[in-house]
Amino acid sequence: MAALRRGNRIANVAAPIGPLDRFGRWFGGNRQRILPLLSFALVALAWEVSADIGLLNQAFFASPTAIVIAGVRDVQTQLFWGDVRASASEFIVGYGIAVFAGLVFGFTMGWFRRFGYFFRPWIDALNATPSLALMPLVLIWFGLGASSKVAIVFITTFVPVVVNIYTGARTVDQKFLRVAAGFGASRTFLLRSVVVPSIAPFGFAAARLGVGRAVSGVVVGEFFSAQAGLAYRLFQDAQLLQTARLLFGALTITFLALGAFRFVSFAESRTLRWRVTASGMSRLARNA
Amino acid sequence: MHSLAINDVVMEYERPRTHERVLAIDHLSLTIENSSFVSVVGPSGCGKSTLLFIIDGLVRPTVGSVTIDGRQITSPGRDRAMVFQEASLFPWYTTLRNCAYGLECQGVSRKDAETRSRPLLEMVGLAGFEHHYPHELSIGMQQRANLARALAVDPDVLLMDEPFAALDAQTRELMQAELLGIWAHAKKTVVFITHQIDEAIYLSDRVIVMSARPGRIIDDIPVELERPRSLDIKRTPSFTALEERIWHRLASEVKHGGEMERADRGVASAP
């Protein structure tokens, strides 16, 4: 291939493969993995150099090495792990309740028309409301403790989950319902064999969307009031101009959020095997 | 009186947005003897599919009734099974589970239903594809599975809604021959909707020609070609004579119905 591109058509095809060709082949095969890493490394390098030569003020932009050093120091403290525990539990409880309740509520709205029409305006209004703006009110209702954080996580996550599941339940393919009806499926069997599998992809999409929303909820909640938590610590660090620790804290949140995201995707690929193989096929087709 | 009888059926429905009343089927009567193969041809939107839905019990006629051996049909039942037009296999089930679906609907356990479905998959030539998902099958294979799913419940009447429409010409001919083979063994009553005149003649004991909407029967043609039929029969003079006759009968209707079809594509199957 490389020989062809250089314009030496037939003569060079049988020639021994040089190291450059070998590199080109290796790079071509792995570019999906190499390029993201390369992009990351280049930015980090540029950042590091600019900080070292004084182009960036270290007080405002801690260099990557400073972040790593702060991180190594941080993970050895009780404080850090206490923060992780606090934030993670707010996330898990709020997110878990929101997804479960959202599934039930969204499905009920989609399946029972009247119920849907009745609650639709509230869901639409809440969906248009920047729910994080309700945090001061949530503080009045739930006080300064962990429950206010769980509440704000719930509020930010619940609505998008409901909207997704509602849409899913409304768009179950008529064709499949007709097949089930034609074979005389009972209502419960129809639900199990057609409706649930039809909605499942919407459910996972909602769960993935919810991760980002719930993380925002945790962060905003802790900014307002907390005694511990990753975002709370981040806020404290900012006031002390500890940018290295701050950025390490932010990275930790990103990392944990990515982990939650991956977990949902993993559960999805396990549950919806018929869809995974479908996307695998399309990848094959793209590469061909 | 072993037969399927459609007694003076009228089907009228309302368009969802415009609330306009549409007459889809106009006083249609038809008696189909048991174990016979009857095709229905007609221009698009003439109510062929609607008629099939009425026989299956998915749709209630506005006026009139359908009886099987004298019993009136009010809902889908075990004695009838439908082979739907489009790829209507559930994408979330494997071929085997799809095939077993009808039996599972009847309360047969999943394991038993799958055991009973295996020979049918074999019969339609899908042995070895039990654990493939529908999207991993070709369209022709999907329609075989679709047929197997309907046959699995062992119905007396098989209702087929343009089952081979999406297939290429060669696959379609092969499937036609295979369907005849299966029908010869199973001896079920088949009502077969199609656009293809040659397909209708090749398969059937009788071809019903429907008018453009509102659907009425404008011709009822017995096909007295010897069985078993090979695909070569399509080139015999008696075959082409029948083809000619049906084509002329339809041509005027298609011309007449052309504008109507453009105005409201697809509504006939969604009353």
*asked:* Please count how many residues of region A:170-185 are of a type in the set (S, T, N, Q) and in a helix (DSSP H, G or I).
replied: 1
*Looking only at region B:16-30, count how many residues are in contact (Cβ under 8 Å) with a residue 40 or more places away in the chain and among the acidic types (D, E).*
1
*Filter region A:140-153 for residues that are within 12 Å of A:G221 (Cβ to Cβ) and part of a helix (DSSP H, G or I) and give the result.*
A:F142, A:A146, A:S147, A:S148, A:K149, A:V150, A:A151, A:I152, A:V153
*Looking only at region A:228-240, decide whether some residue is in a loop (DSSP other than H, G, I, E, B), free of Cβ contacts under 8 Å to residues at least 12 places away in the same chain and not basic (K, R).*
yes
*How about region B:56-86: which of its residues are of a type in the set (K, R), without any contact (Cβ under 8 Å) to a residue 24 or more places away in the chain and within 14 Å of chain A (Cβ to nearest Cβ)?*
B:R60
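Take the conditions without any contact (Cβ under 8 Å) to a residue 24 or more places away in the chain, assigned to a helix (DSSP H, G or I) and either under 23 Å from the mean Cα position of the chain (by Cα) or in the same structural domain as A:V93 (by TED's automatic domain parsing) (or both) and apply them to A:L137. Does it pass?
Yes, satisfied.
Please pick out the residue among B:D154, B:D205 that is of a type in the set (D, E) and either within 14 Å of another protein chain (Cβ to nearest Cβ) or without any contact (Cβ under 8 Å) to a residue 60 or more places away in the chain (or both). Don't jump to the end; show me each part of the working.
Working: B:D205 fails: either within 14 Å of another protein chain (Cβ to nearest Cβ) or without any contact (Cβ under 8 Å) to a residue 60 or more places away in the chain (or both).
Selected residue: B:D154, the only one of B:D154, B:D205 that is of a type in the set (D, E) and either within 14 Å of another protein chain (Cβ to nearest Cβ) or without any contact (Cβ under 8 Å) to a residue 60 or more places away in the chain (or both).
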*Can you work out which of the residues in region B:94-135 that are more than 25 Å from the chain's Cα centre (by Cα) and in a helix (DSSP H, G or I) is farthest from the other protein chains (Cβ to nearest Cβ)?*
B:T115
*Can you pull out the residues in region B:198-218 that are touching a helix residue (DSSP H, G or I) at 6+ places or on another chain (Cβ under 7 Å) and among the polar types (S, T, N, Q)?*
B:S211
_For region B:6-51, give me each residue that is modelled with pLDDT of 90 or more, under 16 Å from the mean Cα position of the chain (by Cα) and among the hydrophobic types (A, V, I, L, M, F, W, C)._
B:I6, B:L30, B:I32, B:F37, B:V38, B:V40, B:V41, B:L51
_Every residue in region A:176-191 that is more than 19 Å from A:A101 (Cα to Cα) and either more than 10 Å from every other protein chain (Cβ to nearest Cβ) or within 33 Å of the chain's Cα centre (by Cα) (or both), please._
A:F176, A:L177, A:R187, A:T188, A:L190
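If you go through region B:40-54 one residue at a time, how many are out of contact with any helix residue (DSSP H, G or I) (no Cβ under 6 Å at 6 or more places or on another chain), away from chain A (no Cβ under 11 Å) and assigned to a helix (DSSP H, G or I)?
Residues flagged as out of contact with any helix residue (DSSP H, G or I) (no Cβ under 6 Å at 6 or more places or on another chain), away from chain A (no Cβ under 11 Å) and assigned to a helix (DSSP H, G or I) within region B:40-54 amount to 3.
Considering only region A:24-44, I want to know if a residue exists there that is in a loop (DSSP other than H, G, I, E, B), without any contact (Cβ under 8 Å) to a residue 24 or more places away in the chain and either out of contact with any Cys (no Cβ under 9 Å at 6 or more places or on another chain) or closer than 24 Å to A:T243 by Cα (or both).
Of region A:24-44, the ones in a loop (DSSP other than H, G, I, E, B) are none.
Checked region A:24-44: no residue is in a loop (DSSP other than H, G, I, E, B), without any contact (Cβ under 8 Å) to a residue 24 or more places away in the chain and either out of contact with any Cys (no Cβ under 9 Å at 6 or more places or on another chain) or closer than 24 Å to A:T243 by Cα (or both).
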*So which of A:T252, A:T156, A:T167, A:T188 is in a helix (DSSP H, G or I) and without any contact (Cβ under 8 Å) to a residue 40 or more places away in the chain?*
A:T188
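The values are calculated or read from the model by the stated rules, or taken from the named source; none is laboratory data. As the structure is a computational prediction, the values presented were derived from the model and not from experiment. Virtual Cβ from ideal backbone geometry, glycine too; neighbours counted across all protein chains shown.
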